[in-house]
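Okay, structure first, notes after.
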Amino acid sequence: MSGSRIPGFYKLDVKERVEKIKAFASLNEEEVSLLDAGLSLEQADGMIENVYGIYSLPLGVAVNFRINNRDYLVPMATEESSVVAAASNAAKVFRSSGGFRASSSEPLMTGQIQVTDCSPEKAAASVIDARDELMDLANQQDPVLVKLGGGVRDVKARVVGDMLVVHILVDVRDAMGANAVNSMCEALTPLIEDLTGGRVNFRILSNYALERTARAEASIPLESIGEDLARDIVSGYRFASLDVYRAVTHNKGVMNGVSAVCLATGNDTRAVESGAHAFACHKGGYAPLSKWFIEDDLLKGFVELPVAVGIVGGGTMHPMARLSLKILNVSSARELGEVLASVGLAQNFAALRALASEGIQKGHMRLHARNIAVMAGASGVEVEEVADLLIEGDKIRVDKAREFLDDLRKND
């Protein structure tokens, strides 16, 4: 098997799904064994403080994704029903039109150095005059990064109120970059204080990765989705563009996919989420991260967001993150960002389509009914059969799960 289009994948049992993923990603037996083991207590104790246990989340894979003419199986870690299924279904829809086209900017992260007790305008001029010296000193802090083609690309000075804020723009290559950027900021402190005559206070990376974004777009002929549905999807986007109450939930739908892939690959979900929501405000008021429109008899979607993610260092060293990255098979942080944007757009389309047609609850109800069936003890084909019986109109008869399961087994 070489493609991400796996018909009936959701109908397979867990072992069968693992075999499909094993074949796609060429996993060995040791890697497969991690799927049922994950993180040890000893490993967890080395990651955070005061460890007393391990909290597990379901790890699913979104199928059908084709991005820039390449197939991907996309690992997603989430507790929310329907997210993985919705992404897979949306990817199938766009696959028929060639899939997603994605691009990204260079992996530039910004470090901030706050300078107080100075004349900000005069201090800014002094910093700019010493730009080359500052860049050289910063690059000395991480010769490995520089050797890999990264390092400081620019130094800027901003007057913010009564203080000066120095920005260093760092190409962090395939890392998220927090450690490298923070080390550089701290190393520049003495020189900046000498240059400005002020006092350096905060020195830290900014999660507003405005220089490090990924974009994805996709389109589908109106005839394949229906013109009325397409126009309702566009109307739903316009609703989000005009009303912040709707925009927040619209963007939450985008981030359902983005955050799930971030978590699966060991990346900092809080950093990406905060950056994305700040980016939603970068033109003024809070706005949708994606947009939808009709052009040339096509429904077209586009999304752009900051992607402060990496494939080396930090949480990506988690054994399950390493496994997810192998399944995803991305070769750079930029490529990972392009996958994130594509998954976010797919997730957003799935939500808009559901809202414009049968409503969001139908799919949620089906998955919730399956969860109830499993909790009652159902397994294999029993799960779907009990779920069918549990759904009655717009309600789930939770209290009947065990009774329905017993009846099924008696009949068998």
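Values quoted throughout were computed directly from the atomic coordinates according to the rules given, and no laboratory measurement underlies them. Quick caveat: nothing in here was measured; it's all calculated off a predicted structure. Here the Cβ positions follow ideal geometry from the backbone for every residue, glycine too, while neighbour counts run over all protein chains shown.
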Placed amide H near L305: partners under 5 Å, 5+ positions off or other chain: A214
Amide H within-cut-off set for I67, under 5 Å, with H built and near neighbours excluded: Y72, F100
Per-selection metrics, the stretch 89-152 (Cα): Rg and Dmax in Å: 20.8, 60
GNM flexibility winner over the chain from Q141, Q43, Q347 (Cα, springs under 10 Å): Q43
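Arranged from highest to lowest average of other beta-carbon atoms within 10 Å per residue, in what order do the peptides 251-260, 62-71 appear?
Averaged packing, sorted descending, gives the order 251-260, 62-71.
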Volume of the Cα convex hull of the stretch 27-144, divided per residue and given in Å³: 275
Measure of compaction for the stretch 177-331 (Cα Rg per 2.2 N^0.38 Å): 1.33
J(HN,Hα) series, the stretch 236-245, from Karplus relation 6.51 cos²θ - 1.76 cosθ + 1.60, nearest Hz, glycine and proline x: x, 5, 4, 4, 5, 6, 9, 9, 5, 4
Principal axis box of the chain, alpha-carbon based, largest edge first, Å: 85, 53, 40
Karplus (6.51, -1.76, 1.60) ³J(HN,Hα), θ = phi - 60°, over the stretch 134-143, in Hz, Gly and Pro reported as x: 5, 4, 5, 5, 5, 5, 5, 6, 9, x
Debye equation applied to the C-alpha atoms of the stretch 108-206, log10 I(q)/I(0) at 0.15, 0.16 Å⁻¹: -0.50, -0.57
For the chain, share of DSSP beta bridges that run antiparallel, in % to the nearest 5: 95
Partners for K15 among lysines (Cα-Cα distance below 30 Å; same-chain residues under 8 apart left out): K92, K326, K362, K400, K410
Percent RCO, i.e. relative contact order, over the chain, from Cα pairs under 8 Å lying at least 6 residues apart: 18
